[in-house]
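**Q** So that we are looking at the same thing, I have put the structure below in structure tokens.
The values are calculated or read from the model by the stated rules, or taken from the named source; none is laboratory data. All values reported here derive from a predicted model rather than from experimental measurement. All Cβ positions, even for glycine, are placed from backbone atoms using ideal geometry, and neighbour counts span all protein chains on display. Areas reflect the complete protein model, heavy atoms only, side chains present, ligands, DNA and RNA absent. Shrake-Rupley method; radii C 1.70, N 1.55, O 1.52, S 1.80 Å.
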Amino acid sequence: MPTISKEDYLKSIYTLNLQDDKAVSTSNLAAKLEISNAAISEMSKKLYDLGLISYEKYKGVELTKEGKRIALKILRRHRLWELFMIKVLNLNWDEVHDEAEKLEHHTSDFLIDKIDEYLGFPEFDPHGAPIPSKDGVLPEMPKLIPLNNCEIGRKYQVLRVVDSPSELISYLGRIGMNIHSNIEVVEKLSFDNSIIVMLDNVNHSLSEKVVDKIFVKEIEED
Ligand SMILES: [Zn+2]
């Protein structure tokens, strides 16, 4: 069983909380981090004692202000590294996430601020995720629609792909779908919740699992 760092734990609470906008259950956390409930309880206690999370029985865990500050710092490192690897090192979309997962724990503020500056203080990473600033402020996000709420016959721009697992990103890359790709919803199949989209005049069927990870913005047509 892998040991999970304090930082991974805080980051997971932050991202799970964004998805559901409520306290995160410890069983959800255990599933996301792929560790046992016992390991989660132990880590929760540690972070609670450090003042990084609050915990209520039957409700779950939430980050304190300090916990959130640390979570944003880790996301900042992760997302800046991904952008750096793509823009400067010319790595592919699907090659950068696993590397960033490691680097996010081992980068000083000094170095990450330099990378931020070098990249021109970007607001979004290659998957469309917002990059927290040096002061922990997130840029304003355009209003995103989950792909499964989209309407047939309309055109949308892909703005966000939730970035794990890497195989998904890799698959989307192979069919030519990237951040800022334009797609049209051709058909929605209610029996398995898959969606057929047209991308560069080719139809692709996306399974429910894939659809759940893609967020878009409607393209206004005149
Ligand atoms: Zn990533």
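**Q** How large is the dipole of the range 75-139 about the Cα centre if only Lys and Arg carry +1 and Asp and Glu carry -1, each at its Cβ, rounded to the nearest 20 debye?
**A** Working: 7 positive and 14 negative charges, 29 e Å.
It works out to roughly 140 debye.
**Q** For the range 177-222, state which GluC sites (Glu not before Pro) are in a DSSP loop and have at most 10 other beta carbons lying within 10 Å of their beta carbon.
**A** Within the range 177-222, the qualifying GluC sites (Glu not before Pro) (loop, at most 10 other Cβ atoms within 10 Å) are GLU220, GLU221.
**Q** Using the heavy atoms of the protein chains alone and a 1.4 angstrom probe, what is the accessible area of the chain per residue in square angstrom? Write down the numbers at each step before the final one.
**A** Working: 12850 Å² over 222 residues.
Per-residue accessible area for the chain comes out at 58 Å².
**Q** Another one. Cβ neighbours within 10 Å, averaged per peptide: list 188-201, 27-40 in order, most packed at the top.
**A** Numbers: 188-201: 13.6, 27-40: 15.5.
Ranked by mean Cβ neighbours within 10 Å, highest first: 27-40, 188-201.
**Q** Moving to a separate point now. What shape does the range 145-218 have by the C-alpha gyration tensor, where a ≥ b ≥ c are the square roots of the eigenvalues, rounded means a/c under 1.5, and otherwise prolate means a/b greater than b/c and oblate the rest? Write out the running numbers ahead of the final one.
**A** Values: a/c = 1.38, a/b = 1.20, b/c = 1.15.
Since a/c stays below 1.5, the shape of the range 145-218 is classed as rounded.
**Q** Rounded to the nearest 20 debye, what is the charge dipole size of the chain about its Cα centre when +1 sits on each Lys and Arg Cβ and -1 on each Asp and Glu Cβ?
**A** Values: 28 positive and 38 negative charges, 144 e Å.
Dipole magnitude for the chain comes out near 700 debye.
**Q** Kindly give the semi-axes, whole Å and largest first, of the ellipsoid equivalent to the chain, taking each as the square root of 5 times a Cα gyration tensor eigenvalue. Show your work: numbers first, answer last.
**A** Working: eigenvalues 197, 100, 49 Å².
One finds semi-axes of 31, 22, 16 Å for the chain.
**Q** Which listed residue (LEU168, ASN92, LEU80) has the Cα farthest towards the positive end of the charge dipole for the chain, taking +1 on Lys and Arg C-beta and -1 on Asp and Glu C-beta about the Cα centre?
**A** LEU80
**Q** Moving to a separate point now. Roughly how far apart, in whole Å, are the Cα centres of the range 24-101 and the range 114-144?
**A** Here the answer is 18 Å between Cα centres.
**Q** Same structure, new question: Among ASN28, LEU50, HIS105, pick out the residue whose Cα is farthest towards the positive end of the charge dipole of the chain, where Lys and Arg carry +1 and Asp and Glu carry -1 on C-beta, about the Cα centre.
**A** LEU50
**Q** Continuing with the same structure: Give the carbon-plus-sulfur fraction of the accessible surface of the chain in %, rounded to a whole number; probe 1.4 Å, heavy atoms of protein chains only.
**A** Details: 6410 of 12850 Å².
Ligands and nucleic acids excluded, carbon and sulfur reach 50 percent.
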